[in-house]
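The values are calculated or read from the model by the stated rules, or taken from the named source; none is laboratory data. All values reported here derive from a predicted model rather than from experimental measurement. All Cβ positions, glycine included, derive from the backbone under ideal geometry; neighbour counts span all protein chains shown. Surface areas here come from the heavy atoms of the whole protein model, side chains and all, with no ligands, DNA or RNA. Shrake-Rupley method; radii C 1.70, N 1.55, O 1.52, S 1.80 Å.
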Amino acid sequence: MNRLTRMVILATLVFGVLASAAQSQTIRIGSAGLSGELLPLWIAQTKGLFKKHGLNTEVITFQGGPPTVQSLLAGEIKFHVGGTSSMVDAKLAGADTWTIAVFINTLPYTLVASEKIKLVEQLKGKRFAVSRLGSVSDLSLRIALRNLGVNPEKEAIILGIGDQTSRFGALRSGAVDATVISPPLTITARQLKFNLVTSFQEAGIKGAYNSSYITGDYGRGNHDAVINFLRGFVEGMAFIRKNKEESLAVLSKWMRLNDRESLEETYDFLLKILPKKPYATDDGIQANLDAISARNPKAKKFKPQDFVDMSYLQELDRSGFIDLVYQ
């Protein structure tokens, strides 16, 4: 065996070891909270779909979008799955963040109010609970109130209370007059005779709600990992449509929920709002910018295209992968 042949074999072995090490490296994905809209992520992780596409992943759950974004910018996680508004805020502050998919492009909330509030006009001057000021629940509430003819800056008292269980508790105790919730808490609200003022989705209220995003630096250096993440995630979305019982089991596990009616309400709602191809839309991002501009005038200088990079999803789509997983 001559010297050149030995060098080629050695280089091949070294490359193989490095590639294997890269594949076995754990890629951490940040999940912004626990809500049914994150089921595609939970499916992809639980059913081994990320692993199927060459990624060894770990899902870390955070309490809301802002701490998840902080972890993304620090490099502790490589993908953020959750509220789009946190990414927009980070970008406005100068962060190199990019949305690579928008898998919920409507606001999956219902505005629920105390029984004494019967008309939209009665919402003016009332106290509203959100998770925290600047969060996706806060942004969604402000978008909805504007659509209902209520000025959220002048005609509403908006309080940061916590997750939707805490917000609902504040409504039940009378500490607030209204809040935003999503299935399965809508069942409890109906049972307790609260007034479900409006379903944002049924009212056609637009907003880029849940997205997957990365830093530009990570995307530039890890193109294949981003593509493979999207493969696993999109396959998770398709899995939900084709496998109801298994999807309900995963939903039950992650949400620690065993009530069949609540699980089915969440699942049925997801089928209505999950797109087959999670592309961002200009009007969805623009709705976020319009709502944010009330507290951050800098948002008026930006366009929806400044926040999204659909090139990875387009590449995946052109390959025929997305159409294939729905067959």
Q: Evaluate the following for Glu261: is it open to solvent by 60 Å² or more (accessible area, probe 1.4 Å), at pLDDT 95 or above, of a type outside the set (Lys, Arg) and assigned to a helix (DSSP H, G or I)?
A: no
**Q.** Residue list for segment 158-178, filter: without any contact (Cβ under 8 Å) to a residue 24 or more places away in the chain and more than 26 Å from the chain's Cα centre (by Cα)
**A.** Arg172, Ser173
(Q) Can you find a residue that is open to solvent by less than 30 Å² (accessible area, probe 1.4 Å), of a type outside the set (Lys, Arg), part of a helix (DSSP H, G or I) and without any contact (Cβ under 8 Å) to a residue 12 or more places away in the chain anywhere in segment 246-257? (A) yes
Q: Among the residues of segment 141-157, write down those that are more than 19 Å from the chain's Cα centre (by Cα) and either at positive phi or β-branched (Val, Ile, Thr) (or both).
A: Gly149, Val150, Ile157
Q: Looking only at segment 89-109, count how many residues are at pLDDT 90 or above and among the acidic types (Asp, Glu).
A: 1
(Q) Here are the criteria: (1) modelled with pLDDT under 95; (2) assigned to a loop (DSSP other than H, G, I, E, B). Tell me which single one Ile285 does not satisfy. (A) (2)
Q) When you look at Phe50, is it among the aromatic types (Phe, Trp, Tyr) and more than 15 Å from the chain's Cα centre (by Cα), yes or no? A) yes
Q. For residues in segment 171-198 being in a strand (DSSP E or B) and in contact with a Leu (Cβ under 8 Å, 6 or more places away or on another chain), which is most open to solvent (accessible area, probe 1.4 Å)?
A. Leu196
Q. Can you list the helices (runs of 4 or more DSSP H) found entirely within segment 32-88 that contain at least 3 residues being open to solvent by 10 Å² or more (accessible area, probe 1.4 Å) and at pLDDT 95 or above?
A. 49-52
Q) Can you tell me which of Asn222, Asn210, Asn228 is modelled with pLDDT under 95 and either open to solvent by 20 Å² or more (accessible area, probe 1.4 Å) or not basic (Lys, Arg) (or both)? A) Asn210
Q) Restricting attention to segment 265-308, and to residues there that are of a type in the set (A, V, I, L, M) and farther than 20 Å from Tyr213 by Cβ, which single residue is surrounded by the fewest Cβ atoms within 10 Å (Cβ to Cβ)? A) Leu271
Q: Kindly indicate whether Ala294 is among the hydrophobic types (A, V, I, L, M, F, W, C) and part of a helix (DSSP H, G or I).
A: no
Q: Can you tell me which residue within segment 145-155, out of those that are in contact (Cβ under 8 Å) with a residue 24 or more places away in the chain and over 18 Å from Phe200 (Cα atoms), is most open to solvent (accessible area, probe 1.4 Å)?
A: Glu153
Q | Which listed residue is closer than 21 Å to Thr106 by Cβ and touching a Ser or Thr at 6+ places or on another chain (Cβ under 8 Å), from Tyr279, Tyr267 | A | Tyr267
